[in-house]
Amino acid sequence: MAAASSRSLALLLAAHCALLLALAGAGGSPLSSTFYDASCPSAHDVVRRVIQNARVSDPRIPASLIRLHFHDCFVNGCDGSLLLDDDLPAIQTEKSVPANAKSARGFPVVDDIKAALENACPGVVSCADILALAAEISVELAGGPRWSVLLGRRDGTTTNVQSAKNLPSPFDPLTKLQEKFRNFNLDDTDLVALQGAHTFGKVQCQFTRENCTAGQTAGALENLDQTTPNLFDNKYYGNLVQGRAQLPSDQVMLSDPTAAASTAPIVHRFAGNQQDFFRNFAASMIKMGNISPLTGNDGEIRKNCRRVNGKGY
Ligand code: HEM
Ligand SMILES: *[C@@H]1O[C@H](CO)[C@@H](O)[C@H](O)[C@H]1NC(C)=O
């Protein structure tokens, strides 16, 4: 009797483990919020301190940093590929494609974060995880939601310029934006929630719906959210409802002929309920951060976010 029950217990445990493994394989995240608890317990504080310092002289830094995480994750997964500089012929940087050139910024702050982390815990925290942590801290510092950042990504050793050229464009129609998000299992709710990051930061007038009609130069900067430019809140959706979004790719979530049956109801929901937006934004950021991470022994922990290791630097 005792032998039989301990055997069935063993079977039960084995079945349970198999189930957990199956879940991990079927889209469960291999990342963990406690990944650096033993190896670099100060990681979060170090990243936060460097960003706090940087935003004193450059208030736009939080917005710029979260955008880097997005442009990293949408190309080759969240592997820090965006941070690599040109090192031809092996490495052709993603920083020169249209979505990034004279636009993606904050790289020196990432360097400062990496240097501070190499000082605190050498060789431990990946550049890909720095971007994920920086994204959450940036939102929190601007008054937005907090979430528990999943960690354990490793850094890639290649770039993908072709894929970077395919990053979402401000002039993409809604169906194209939906397709580009669906490629990463991000649905309409994720698309609407994540575009809510345009609640802070700047845009060059050449990308806005007004396209510099006041006679500014193409690179003249305007606020993405003209209501509360530096706050992470749901006013972005209020702007959309009033037809006052900056980017064509923002406004299409309401104005596209197909939007009424897809994105528009979500825009209205978030415009009317900031908590609803915050909850969904946090969930979508975790989903985006889970795009094809390198884990285990794949990739490496870069010493310098701009270069792969072992190149004699
Ligand atoms: C739907 C696809 C998206 C398109 C087409 C798009 C497009 C753009 C464009 C054109 C700019 C202005 C760049 C410039 O003028 O130099 C911008 C800025 C920005 N984007 Fe997006 N974006 C998208 C999604 C996202 C997502 C998913 C996030 C983050 C979760 C994000 C966060 C930001 C932030 C914070 C800025 C301001 C950056 C700064 O001030 O440095 N965007 N985006
Ligand atoms: C914005 O205006 C410039 C100058 O008139 C023009 O060359 C460009 O094509 C316009 N951009 C868009 C997206 O219409």
Search result, residues across the range 90-124 that are among the basic types (Lys, Arg) and within 16 Å of ligand 1 (Cβ to nearest atom):
Lys95, Lys102, Arg105
Hey, Asp72 in contact with a Lys or Arg (Cβ under 8 Å, 6 or more places away or on another chain), of a type outside the set (S, T, N, Q) and touching a residue at least 24 places away in the same chain (Cβ under 8 Å) or not
no
When the residues of the range 105-115 are narrowed to those that are open to solvent by 20 Å² or more (accessible area, probe 1.4 Å) and in contact (Cβ under 8 Å) with a residue 12 or more places away in the chain, which ends up farthest from ligand 2 (Cβ to nearest atom)?
Asp112
I'm trying to understand the selection: among the residues of the range 227-279, which are touching a residue at least 40 places away in the same chain (Cβ under 8 Å), of a type in the set (A, V, I, L, M) and open to solvent by 70 Å² or more (accessible area, probe 1.4 Å)?
Leu231
Which of the residues that make up the range 151-188 are within 13 Å of ligand 1 (Cβ to nearest atom), part of a helix (DSSP H, G or I) and either basic (Lys, Arg) or open to solvent by less than 60 Å² (accessible area, probe 1.4 Å) (or both)?
Leu174, Lys176, Leu177, Gln178, Lys180, Phe181, Arg182, Asp188
Which residue is nearest to the chain's Cα centre (by Cα), if the candidates are limited to the range 122-135 and must be closer than 25 Å to Ser292 by Cβ and surrounded by fewer than 17 Cβ atoms within 10 Å (Cβ to Cβ)?
Val124
Tell me which residues, restricted to the range 228-261, are part of a loop (DSSP other than H, G, I, E, B), away from ligand 2 (no atom under 16 Å from the Cβ) and under 13 Å from Gly196 (Cβ atoms).
Thr228, Leu231, Phe232, Asp233, Asn234
Being under 26 Å from Asp58 (Cα atoms) and assigned to a helix (DSSP H, G or I) is the filter here, so list the residues in the range 189-221 that pass it.
Ala193, Leu194, Gln195, Gly196, Ala197, His198, Thr199, Cys205, Gln206, Phe207
Would you call Leu194 within 9 Å of ligand 1 (Cβ to nearest atom) and open to solvent by 70 Å² or more (accessible area, probe 1.4 Å)?
no
Could you check how many residues of the range 196-223 are within 12 Å of ligand 2 (Cβ to nearest atom) and within 22 Å of Thr263 (Cα to Cα)?
3
Pick from Asn290, Asn304: which is buried (at least 21 other Cβ atoms within 10 Å of the Cβ) and in contact (Cβ under 8 Å) with a residue 60 or more places away in the chain?
Asn290
Tally, over the range 207-226, of residues that are within 9 Å of ligand 1 (Cβ to nearest atom), open to solvent by less than 30 Å² (accessible area, probe 1.4 Å) and over 27 Å from Phe278 (Cβ atoms):
0
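The values are calculated or read from the model by the stated rules, or taken from the named source; none is laboratory data. As the structure is a computational prediction, the values presented were derived from the model and not from experiment. Virtual Cβ from ideal backbone geometry, glycine too; neighbours counted across all protein chains shown. Areas reflect the complete protein model, heavy atoms only, side chains present, ligands, DNA and RNA absent. Shrake-Rupley method; radii C 1.70, N 1.55, O 1.52, S 1.80 Å.
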